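Only one structure is covered here, and it is reproduced in the block below.
Just so it is clear, none of the values below were taken in a lab; they were calculated from the coordinates. It should be emphasised that the depicted structure is a prediction, and the values quoted were computed from it without experimental measurement. All Cβ positions, glycine included, derive from the backbone under ideal geometry; neighbour counts span all protein chains shown.
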Amino acid sequence: MSPTGTIVFSTVGRANYGFDIFSVQLNGSTDFSERRLTDGASINFNGSFLDDDNTIVYISERTGSAQIFLNRGGADAHPEPLPSAAGSLFHDRPAVNNRRLYFISAHERPEKLFTSWCALYSAGIDDEKVERLTPYGSVDFSPAVSPSGKLIAVASYGDRRWGGEFHDLRTEVVVFSESNPAKRFLVSNHGGWPTWCGDSTLYFHRQSDDGWWSIFRADLPSDFSHDYEFSAAPCRVTPPGIHCFTPAAVPDSAKIAFATRRKGKHHRHIEIFDTELQKFQPVTELINPDFHHYNPFVSPGGSFLGYHRFRGSGGAGTTTIPHLDPISSPLEGLRMFRINGSFPAFSSSGDFIALNGDFDQNSGLRILRSDGTKRWNLFKNRTTFSNCWNPADENVIFVSIGPVFESVTANVHIARVTFNRSDLTNDRDEIAADIKILTEEGTGNNAFPSCSPDGKSVVFRSGRDGHKNLYIIDAGAGESAGIRRLTDGAWIDTMPSWSPDGETIAFSSNRHRPDDPSVFGIYIARADGSEVRRVEVAGFEEERERLNHVCFSADMEWLLFTANLGGVTAETVALPNQFQPYGDLYVVRLDGSGLQRLTCNAYENGVPTWHPKVLRDEIDLSRLSLVGENGDDLKGKFIEPLWIKCDI
């Protein structure tokens with residue numbers, strides 16, 4: 001039987017993006033007047049002009065996943081969905097040339113795990129027939145179509161399996177003919193995000209040996225009809241001392257637009273660089289100095305420059321964050337929602353969800369009605385994470401109090417939070433709660449509680465003996481009534497989840513690679529600590545699994561978890577910061593069979609909770625997808641990739 005019910009999870013930072021696409025006219029003046037081209041709903045990004053009249057194709061997540069839309073005439077135009085890959089949860093970098101749409105999609109599962117699903121496809125605007133242009137077994141990102149439509153360049157990962165990197169993917173810049181995509185020509189063995197200047201020049205970005213991201217140029221032959229090897233190395237165009245990435249050539253000129261990060265500046269901005277005069281022209285810093293701006297694109301005639309940015313908290317469009325955002329599910333009987341917060345946990349009835357803030361300090365503990373219409377605060381001004389509702393008592397929530405993901409000696413405690421469920425009424429925002437610390441002082445890092453189905457015991461992870469192992473205490477009295485050790489070893493056992501029948505505990509562990517704190521597999525043990533076994537998901541020969549946040553389905557047929565099994569889906573230098581942009585949700589049977597990917601995007605998705613109730617009928621999806629009633633203000637609180645250093 002396929003998995004059913006409702007899954008709620010968190011995505012790091014994404015709720016605050018509020019991206020819309022904007023354009024400015026390139027008329028030689030520095031008095032730029034900005035125009036919004038998308039409607040201020042959901043997340044709209046990575047656009048491309050069709051003409052010089054502000055008609056664009058772009059990616060929007062308005063329908064629950066990254067799909068391709070067309071807008072004619074600006075923000076007031078109705079978004080038109082374009083033909084794409086049926087069933088795909090992820091599309092990227094669309095472009096139209098000669099009435100053909102080119103795009104990245106991730107709908108075809110590769111033969112091996114730890115391989116990105118991304119490939120380049122094209123479809124006729126009129127016939128909607130989708131054709132794969134990437135050879136099977138290979139991975140492509142960031143396509144660019146030449147002005148004539150005859151040549152295509154991509155950032156290709158080739159047939160390599162993903163090695164875990166994401167700061168710099170070390171992709172190759174590859175060119176091929178649109179009529180013969182199987183015959184590929186290597187332009188550079190290191191580069192990404194290509195852009196065409198005519199049909200004979202390519203610009204692309206890469207991180208230089210001196211640490212600065214820079215734009216490079218490669219000149220191409222006029223004839224690709226025979227085998228050709230590029231003998232001249234690409235030349236560096238932009239100087240060191242400034243990060244330059246995601247270039248877009250300005251047609252019929254010596255100019256390039258790209259995003260920059262400068263020393264002493266806190267925001268990413270779009271600038272235009274004259275390659276002949278070696279001169280920079282700021283653009284977006286003159287308009288919105290305190291916003292990040294991403295991924296410029298230029299109209300075919302060079303009249304308009306486009307990009308995406310946070311739409312602003314006071315402008316038109318959606319200005320609040322919905323508590324729950326519906327997400328496309330690949331399984332018919334499974335509903336999925338992204339929560340505005342972290343570490344969601346369903347109550348046993350499914351009527352409420354406990355949650356913390358978005359991995360921030362002093363996030364406290366909150367309760368959300370599971371139809372998304374009302375949220376309450378139990379307490380604030382404490383750093384909390386990893387919640388668990390008592391299955392036998394909906395007046396009790398267990399939570400970790402203290403810093404997140406710290407060392408074994410950090411002062412983190414398991415707490416029992418008691419409140420009166422009858423206080424959860426529409427006329428209240430704050431609910432009185434009693435907090436009882438269950439673990440003793442001086443016992444180190446105690447976190448990730450999971451309560452037994454009968455409500456009598458709590459299993460959790462503790463670093464009290466110098467290693468993070470699993471322990472069980474009384475759910476009411478806590479450690480004062482005794483403590484029982486469940487696992488014992490010089491490794492990390494963490495994030496336990498008690499099965500619905502109370503007989504089994506699932507958890508993540510690196511016991512198969514105790515010397516590597518970044519590798520985790522899924523393990524299952526009896527509730528008394530016996531019969532520990534590893535769930536073979538990627539094969540025991542694969543020692544780079546990162547499988548975390550595991551939990552059971554109600555029928556105990558499936559395990560839900562987060563994993564790095566699908567690699568990355570985009571060049572992460574083009575995105576805001578994501579700590580683990582390869583984190584997606586998967587389900588697998590307890591014997592390791594039936595692996596199914598549930599999410600596919602360029603974000604870090606994690607900390608899921610699963611309830612057997614299908615919330616389809618209880619939730620007004622039209623309201624949730626656009627409006628956050630009683631929600632947080634959309635303020636654009638996200639940051640640049642922390643690994644892009646400007647103090648080199």
Full extension from ILE437 to ASP515: what is 0.36 nm times the residue separation minus their Cα-Cα distance, to one decimal in nm? 24.8 nm
Set LYS374/LYS613; LYS129/LYS150; LYS468/LYS645 screened for pairs whose C-alpha atoms are more than 21 Å apart: LYS468/LYS645
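Restricting everything to alpha-carbon atoms, can you work out Rg to Rh for the range 421-495 with a Kirkwood hydrodynamic radius? Don't jump to the answer; show the numbers that get you there.
On the way: Rg = 15.2 Å, Rh = 13.9 Å.
Rounded to two decimals, Rg over Rh is 1.10.
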For a label point 7 Å from the Cα of ASP168 along Cα→C-beta, name the residues of the range 138-154 whose backbone N is under 19 Å from it. 141-142
Helical contribution to [θ] at 222 nm, DSSP H n ≥ 4, -39,500 (n - 2.57), averaged over the chain, rounded to 500: 0 deg cm²/dmol
Once the dipole of the range 248-318 is set up with Lys and Arg at +1 and Asp and Glu at -1 on Cβ about the Cα centre, which of ALA249, GLY301, THR284 lies farthest towards its positive end? THR284
Please list, by residue number, everything in the range 356-396 whose backbone N is under 15 Å from a paramagnetic label point 7 Å out along Cα→Cβ of GLU406. 360-364, 382-386
Using the crude model of +1 on Lys and Arg Cβ and -1 on Asp and Glu Cβ, and no other charge, please compute the dipole size for the range 368-491 relative to its Cα centre, in debye to 20. 200
Using only the Cα atoms of the range 322-435, build the gyration tensor, take square roots of its eigenvalues as a ≥ b ≥ c, and label the shape rounded, prolate or oblate: rounded if a/c is under 1.5, else prolate if a/b is larger than b/c, else oblate. oblate
Gain in span if fully extended, ILE639 to ASP465, counting 0.36 nm per residue against the direct Cα distance: 59.0 nm
Just one of [x] 28.8; [y] 29.5; [z] 25.9 is Kirkwood radius over Cα pairs in Å as worked out from the coordinates here. Which one is it? [z]
With charges only on Cβ, +1 for K and R and -1 for D and E, what is the dipole size of the chain about its Cα centre, in debye, rounded to 20? 580
For the range 168-313, what number of Lys pairs, 8 or more residues apart or on separate chains, have alpha-carbon atoms under 24 Å from each other? 5
Less than 18 Å apart at the alpha-carbon level, and either on another chain or at least 8 residues along: which lysines does that give for LYS380? LYS436
If one computes the Cα centroid of the range 308-353 and of the range 1-77, what distance in Å separates the two points? 18
With +1 on the Cβ of every Lys and Arg and -1 on the Cβ of every Asp and Glu, the dipole magnitude of the range 17-147 about its Cα centre, in debye rounded to the nearest 20, is 360
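Which shape class applies to the range 153-207: rounded if a/c is under 1.5, otherwise prolate when a/b exceeds b/c and oblate if not, where a ≥ b ≥ c are the square roots of the Cα gyration tensor eigenvalues?
oblate
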